[in-house]
Amino acid sequence: MDKLIINGGKPLAGTVTISGAKNSAVALIPAALLADGPVVIENLPRIQDVDIYHELLREMGADVLFEEDWMEIDGRLMKLMLMPNGRIKKLRASYYLWGALLAKFGEAQVGLPGGCDLGPRPVDLHIKGFEAMGAEVENKNGVMTIRAKRGRLQGARIYLDLVSVGATINIMLAASKADGVTIIENAAREPEIVDVATLLNNMGANIKGAGTDVIRVQGVERLRGCRHTIIPDRIEAGTYMIAAAATNGNVLVENVIPKHLESLTAKLREIGAQVMEMDDCIQVMGRDSYRSIDVKTSPYPGFPTDLQQPITTLLTLAKGSSIVTDNIYSSRFRHVDELRRMGATLKVEGRSAVIEGGSKLNGAKVVASDLRAGAALFIAGLATSGTTELEGLEHIDRGYENLVGKLQTLGADVIRVGLQHTESPQR
Ligand code: UD1
């Protein structure tokens, strides 16, 4: 198995360019299947989740061309087919095939999704939305069969009991070609939702209100091909911002939308880091001592759960006690034991990490149990002066394009070693 060897203790310095957003990419790709013509998606991140989607599309008979950072998708020749487990299980966002196939064929037979183990991750809100639009849903041996009772979904008014990114996008996809108007109330407001609505509207859909908590979708008969450029990945950007602060570095994070990172920027300033926002880049200048703070995650525009684990690492370096509470996922704390191995003082209490900051971290052998736990651990490795060996890279590969290359550009002493090769295979 591959691992990262990090000789930490060097301040990160220089410029890092942020890739397209993972959470947009995995929704835009299935959305593209709805067009009666080719859709070109640009600024795609070269990450494992996108590679898996690429394989899934080919398996389903779509015509796909995947070059550099763009993909041309033509779903016209696709046929409805059973998509049981296999690749579906490797990907949380394979659930977007439910909404996309329902809109395209009036039916979907797709296995339940996989993804990071962050505690219970139900899909009841997705199902509730499809049922409200007139679908029958059956879960047999882990395969969801979802069928529009009248052949085509009907518009409906749907209130989401919890703010859910996945359910909001899935209902938007399904509603884009439904008969009549769908209103999604208490919708999630994440920038990736706006990105998906933008693509669908450019394909000829009629979606209003994406980015607010009420989205109105007037179904249309046909959608057409178009070109679309993905927004920058705010979570990748946030990870490098935190890494810059944790190493007392000076990093210009470019190709970002600073507005998407306001909650993190505010927290970094609160602990004492210097953060400067420009048009499409953010500069973070660290310092050698930080104030402790509390952080609570919440849906956008609140502090993202996907940066909860990375900021926990940073707060282990701050003086005094901090509490990081995850209001979205109750068990997203598997990085905590690993951080303790590295000398940090923190414990889990309920859905919070309680941190006694200020301990000096040491290098250790640690394992990433999920994607953002991996981010928390490579940041810790970069911040300590010892050597860290980080395993579990299959999780990190799901979400960080060319991680080793980007960190090396910032002056980090990091290599990827494995049985097959000694350098990062990342493209
Ligand atoms: C998306 C992101 C993920 C991020 C998460 C929260 C993608 C591919 N992934 O995941 O990176 O961490 O948003 O910002 O975009 N819930 C239910 N029932 C449902 C759906 C969700 O109870 O049917 C709960 C979840 O367990 C969670 C909360 O609602 O506690 C929010 O989850 P949701 O926004 O749906 O997360 P995902 O879309 O899966």
Practice task
Answer yes if at least one residue in segment 150-159 is in contact with an Asp or Glu (Cβ under 6 Å, 6 or more places away or on another chain) and without any contact (Cβ under 8 Å) to a residue 40 or more places away in the chain, and no otherwise.
Solution key: yes
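Quick one: which residue in S94, S24 is within 16 Å of the ligand (Cβ to nearest atom) and under 28 Å from M278 (Cα atoms)?
On the way: S94 fails: under 28 Å from M278 (Cα atoms).
One residue alone meets the criteria, S24.
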Exercise for the section: Among the numbered conditions (1) touching a Lys or Arg at 6+ places or on another chain (Cβ under 8 Å); (2) open to solvent by less than 10 Å² (accessible area, probe 1.4 Å); (3) of a type in the set (S, T, Y), tell me where S330 comes up short. Expected result: (2)
Fill in the blank from the handout: Among (1) closer than 16 Å to N206 by Cβ; (2) surrounded by 15 or more Cβ atoms within 10 Å (Cβ to Cβ); (3) over 24 Å from the mean Cα position of the chain (by Cα), A148 falls short only on (1)
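Within segment 290-297, can one find any residue that is away from the ligand (no atom under 16 Å from the Cβ), of a type outside the set (S, T, N, Q), open to solvent by 40 Å² or more (accessible area, probe 1.4 Å) and without any contact (Cβ under 8 Å) to a residue 40 or more places away in the chain?
Going through segment 290-297, the residues away from the ligand (no atom under 16 Å from the Cβ) turn out to be 290-294.
In the following step, the residues that additionally are of a type outside the set (S, T, N, Q) were identified as 290-291, 293-294.
This time we only want the ones that are open to solvent by 40 Å² or more (accessible area, probe 1.4 Å), so: 291, 294.
Filter once more, keeping what is without any contact (Cβ under 8 Å) to a residue 40 or more places away in the chain: 291, 294.
For segment 290-297, residues away from the ligand (no atom under 16 Å from the Cβ), of a type outside the set (S, T, N, Q), open to solvent by 40 Å² or more (accessible area, probe 1.4 Å) and without any contact (Cβ under 8 Å) to a residue 40 or more places away in the chain: present.
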Handout entry: Filter result for R372 (out of contact with any strand residue (DSSP E or B) (no Cβ under 8 Å at 6 or more places or on another chain) and outside any helix (DSSP H, G or I))
Key = no
Exercise for the section: Look through V64, V110, V26, V40 and report the one residue that is of a type outside the set (F, W, Y) and part of a helix (DSSP H, G or I). Expected result: V26
Handout entry: Tally of residues being open to solvent by 60 Å² or more (accessible area, probe 1.4 Å), among the basic types (K, R) and in contact (Cβ under 8 Å) with a residue 40 or more places away in the chain across segment 195-242
Key = 3
Practice task
Grab the strands (runs of 3 or more DSSP E) fully contained in segment 281-362, keeping just those with 3 or more residues being under 25 Å from E254 (Cβ atoms).
Solution key: 281-285
Completion exercise
The condition of being within 13 Å of the ligand (Cβ to nearest atom) and open to solvent by 30 Å² or more (accessible area, probe 1.4 Å) holds, among P113, P122, only for P122
Exercise for the section: Would you check if V256 is surrounded by fewer than 23 Cβ atoms within 10 Å (Cβ to Cβ) and assigned to a loop (DSSP other than H, G, I, E, B)? Expected result: no
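Looking at L346, L393 in this structure, which one is of a type in the set (A, V, I, L, M, F, W, C), buried (at least 16 other Cβ atoms within 10 Å of the Cβ) and in contact (Cβ under 8 Å) with a residue 40 or more places away in the chain?
Details: L346 fails: in contact (Cβ under 8 Å) with a residue 40 or more places away in the chain.
Checking each option against the conditions leaves just L393.
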Handout entry: Qualifying residue in segment 351-361 (condition: within 14 Å of the ligand (Cβ to nearest atom) and closer than 25 Å to Y53 by Cβ)
Key = no
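The values are calculated or read from the model by the stated rules, or taken from the named source; none is laboratory data. Note that this is a predicted model, so its numbers are computed, not measured. Using ideal geometry, Cβ is built from the backbone for each residue, glycine included, and neighbour counts are taken over all protein chains shown. For accessibility, only protein heavy atoms count, side chains too; no ligands or nucleic acids. Shrake-Rupley method; radii C 1.70, N 1.55, O 1.52, S 1.80 Å.
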